[in-house]
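I have placed the structure first, in the form of structure tokens, so that the comments after it can refer back to it.
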Amino acid sequence: ALALHSHSKAPCKVMFSPSVVPMSRGILSAVYGTIEKKYSAEALYKIYKKLYEDSPFIRMVDQPPTTKAVRGSNYADLWVHVDSRTNTFIAMAAIDNLMKGAAGQAVQNMNLMMGFPETYGLSHIPLYP
């Protein structure tokens with residue numbers, strides 16, 4: 001991750017925490033890591049918003065994401081935050097693994113390989129609830 005980039009040769013250490021809960025579809029993931037440089041939550045959000053501005057299926061959200069908000073879609077909702085007390089980077093993402101998983105990836109990759117717009121067949125509004 002951009003905020004975890006280290007100029008030293010030491011490997012970047014992150015903790016990945018997927019949540020398995022009784023729901024019909026979706027994956028909610030959290031990644032934590034210590035950052036070397038001080039960032040405010042707002043500054044980090046702006047960095048990631050810029051990083052993904054040309055990614056049609058990454059939606060930056062301003063609060064922790066929910067699987068309900070991406071259900072039936074090819075979207076990945078991403079939230080980033082900094083715990084200033086511990087200088088810890090926190091990123092959470094929600095996807096519908098039945099759509100953004102293999103099926104959505106296959107259609108998205110086929111679109112790119114065939115020269116179609118990346119979003120063909122994948123830009124419908126997510127199911128809610």
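Stokes-Einstein diffusion coefficient for segment 82-129 at 10 °C in a medium of 1.306 mPa s, Rh from the Kirkwood formula over Cα pairs: what value in µm²/s? Result for D is 120 µm²/s. Relative to the dominant Cα principal axis of the chain, helix 41-51 is inclined by about 40°. Evaluated over the chain, the count of Lys pairs having alpha-carbon atoms less than 28 Å apart is 24 (only pairs 8 or more residues apart or interchain). Shown for the chain: the carbon plus sulfur share of the solvent-accessible area, taken with all protein chains present and a 1.4 angstrom probe, equals 61%.
Given the alpha-carbon gyration tensor of the chain, what are the semi-axes of its equivalent ellipsoid in whole angstrom, ordered largest first, with each equal to the square root of 5 times an eigenvalue? All intermediate terms of the calculation are to be shown ahead of the outcome.
On the way: eigenvalues 157, 62, 36 Å².
Ellipsoid half-lengths, sorted descending, are 28, 18, 13 Å.
Stretching the chain fully between residue 58 and residue 24 yields a gain of 10.0 nm (0.36 nm per residue, less the alpha carbon separation). With R₀ fixed at 22 Å, the C-beta to C-beta distance from residue 13 to residue 83 puts the FRET efficiency at about 0.90. Pick out, from 125, 41, 23, the residue whose Cα sits farthest towards the positive end of the charge dipole of the chain, with +1 on the Cβ of Lys and Arg and -1 on the Cβ of Asp and Glu. The listed residue farthest towards the positive side: 41. A Cβ-based charge dipole, computed about the Cα centre of the chain with Lys and Arg at +1 and Asp and Glu at -1, lands at about 280 debye.
Solvent-accessible surface of segment 9-129, taken per residue with a 1.4 Å probe and all protein chains present: 64 Å².
The values are calculated or read from the model by the stated rules, or taken from the named source; none is laboratory data. Owing to the predicted nature of the structure, the values given are computational and were not obtained by experimental measurement. Every residue, glycine as well, gets a Cβ built from its backbone with ideal geometry; the counts of neighbours run over all protein chains shown. Heads up: the accessible areas ignore ligands, DNA and RNA and are worked out on the full protein's heavy atoms, side chains in. Shrake-Rupley method; radii C 1.70, N 1.55, O 1.52, S 1.80 Å.
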